[in-house]
1. Out of (1) touching a residue at least 40 places away in the same chain (Cβ under 8 Å); (2) at positive phi, what's the single condition that is false for residue 28?
2. Could you please find all residues in segment 33-64 being assigned to a loop (DSSP other than H, G, I, E, B) and either within 14 Å of residue 16 (Cβ to Cβ) or under 18 Å from the mean Cα position of the chain (by Cα) (or both)?
3. What number of residues within segment 84-102 are surrounded by fewer than 10 Cβ atoms within 10 Å (Cβ to Cβ) and part of a helix (DSSP H, G or I)?
4. Hey, any hits in segment 110-117 for a residue that's modelled with pLDDT under 95, over 24 Å from the mean Cα position of the chain (by Cα) and part of a loop (DSSP other than H, G, I, E, B)?
């Protein structure tokens, strides 16, 4: 599974039923590239395409049950690995990590207040 294919699955997990144009925008890619990604994901059974109810020319993209199962398994494995790493850390280092993450979260929430302020040129997003 390529990083780009994984991004498609994550987008569909959040916005199931989007059209190709919307998916292309979310990925910041081109329609032909995204269409090929979806072809491959459909071939392995992770994505389904259906005709739009409002336009016969438009296709909607859906995460299949196999795709959902793949993401559940991936998240479960990542979470288990994360817990294993944290468990190997000394308690003092875990406390430091928690403190650092709390500070990061607070800073992120403060920067959210400026996300709609177009006059702030010093605020950048990743």
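The values are calculated or read from the model by the stated rules, or taken from the named source; none is laboratory data. Only a predicted model underlies this, so the values are computations on that prediction, with no experimental measurement involved. Ideal geometry is used to build each Cβ from the backbone, glycine not excepted, and the neighbour counts take in all protein chains shown.
1. Evaluating residue 28 over (1) touching a residue at least 40 places away in the same chain (Cβ under 8 Å); (2) at positive phi leaves (1) as the failure.
2. 46, 52, 64
3. 6
4. There is at least one residue in segment 110-117 that is modelled with pLDDT under 95, over 24 Å from the mean Cα position of the chain (by Cα) and part of a loop (DSSP other than H, G, I, E, B).
Condition check ((1) modelled with pLDDT of 95 or more; (2) surrounded by 10 or more Cβ atoms within 10 Å (Cβ to Cβ)) across all residues:
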position	(1), (2)
19	no, yes
57	no, no
60	no, yes
67	yes, yes
